[in-house]
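The values are calculated or read from the model by the stated rules, or taken from the named source; none is laboratory data. Fair warning: this is a prediction, and the values are worked out from it, not measured in the lab. Here the Cβ is made from the backbone with ideal geometry for all residues, glycine too, and neighbour counts use every protein chain on show.
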Amino acid sequence: MNFGFTDEQELLRQEVRKVLDAQAPMAEVRRLAETPEGFSRELWKQMGELGWLGLTIPEAHGGAGLGWVDLVVLLEEAGRSLLPSPLIATTLAAATIADAGSALQQARWLPRLADGTAIGSVAVLEAGDRLDPAGIQMRGAPVGDGWQLGGEKRAVLDGAAADLLVVAFRTGDGAEDIALALVERGAAGLRIESTPSLDATQRVARVHFDAVAVLPDAVLGTPGRAAPVLARLLDRGAVAVTAEAVGAAEQAVRLTVEYAKQRVQFGSPIGRFQGVKHPLAEMYVDVESFRSLLYYAAWCLDEGDAETTRAVSMAKAYASEAFSRIGIDGVQLHGGVGYTWEYDIQLYLKRSKWVRPTFGDADFHYDRIARIRTEAA
């Protein structure tokens, strides 16, 4: 059995790397992080033309119809560059519509999400920290054949740029009484507020719903039965964030290794000292470890394997902890200059802090692994 990437996947990696090196070098990433919108519309359009945005969207709707292992290749390279874009948010919205949307909903939105003419996001997280159906507290009040939403969603990825939100809300008191709805930008009663983020390359927003009407044709699937779809959405989000973390962590290690080769102290490059070599070796082992867990989790997603939830949590838990350590150690091994704006390593430390809680921190995923083991016993 071949556990490596195919020639086509490696070619995809090379092409993505070539485009990002040309269109999103670190100087451009830094510039975009200072802009109000936070990403390049021109590059976004190019990403759509290259097929990146529709990588996992079915071919019938303008996508490439590939899997999450293929998407991991793209996201690793995006993470390596700290690419500011709504790529993860749009991909998650599209995957959820492909999962549970009607033929009309898919025909209306998937081609636009695939070519970049529409930006999507998912609005799930609320004031609590639970990433499961029980954490959804925003209610949908029945109004005629539809619903009316009131409440607030937090940490919505690229919410300020989104043309379409996939919103999770509660239809009853039961643990599984969850529905998903499509809410368009500009809907009456919808207010989107950008919120500060430690990592300026990742934009988040708070979304307020004040009696926002949801018509029947905007509901994904059957109201009150969307808990399994929500679970898949959260697993996909964790895999996507971990994939970017692999590329970002690998680049943080590379930057630190290069600095250790060039920085001379006591007449020798500091990379020759055990106090530097050993942490670098541990950083490398950590990256390779959660990279392997990620690849297995992405494969499970593609195959619908029974191990998917456990595999996803193992990958995200390890990445959340290890990437944070790598970011801190990378800055420390740079010495005092590692904290300065001129050095790129501090940007990767900030990305590690953003990755840690997004779609569940290590504690959340370790608890989920423990519950899975308990239930299986």
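Out of the stretch 196-221, which residues are surrounded by fewer than 14 Cβ atoms within 10 Å (Cβ to Cβ), of a type outside the set (A, V, I, L, M, F, W, C) and touching a residue at least 12 places away in the same chain (Cβ under 8 Å)? Listed by number, the residues that qualify are Asp210, Pro216, Asp217.
Can you tell me which residues in the stretch 343-377 are assigned to a loop (DSSP other than H, G, I, E, B), among the small types (Gly, Ala, Ser) and crowded, with 17+ Cβ neighbours inside 10 Å?
Gly360, the sole residue that qualifies.
Condition test on Arg236, is it surrounded by fewer than 22 Cβ atoms within 10 Å (Cβ to Cβ) and either over 22 Å from Asp302 (Cβ atoms) or among the basic types (Lys, Arg) (or both)? Against the criterion (surrounded by fewer than 22 Cβ atoms within 10 Å (Cβ to Cβ) and either over 22 Å from Asp302 (Cβ atoms) or among the basic types (Lys, Arg) (or both)), Arg236 does not qualify. Of all residues in the stretch 215-244, those that are under 18 Å from Asp305 (Cα atoms) and under 14 Å from the mean Cα position of the chain (by Cα) total 9.
The sole residue among Ala78, Ala100, Ala93 that is small (Gly, Ala, Ser) and over 22 Å from Leu32 (Cβ atoms) is Ala100.
Per-residue answers, yes or no, for (1) hydroxyl-bearing (Ser, Thr, Tyr); (2) under 17 Å from the mean Cα position of the chain (by Cα):
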site	(1), (2)
Gln274	no, no
Ile328	no, no
Glu342	no, no
Tyr348	yes, yes
Arg351	no, yes
Arg368	no, no
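Test Ala245 against the stated conditions and say whether it is at pLDDT 95 or above, of a type outside the set (Val, Ile, Thr), outside the structural domain of Ala78 (by TED's automatic domain parsing) and not in a loop (DSSP other than H, G, I, E, B). Judged against the criteria, Ala245 is a match.
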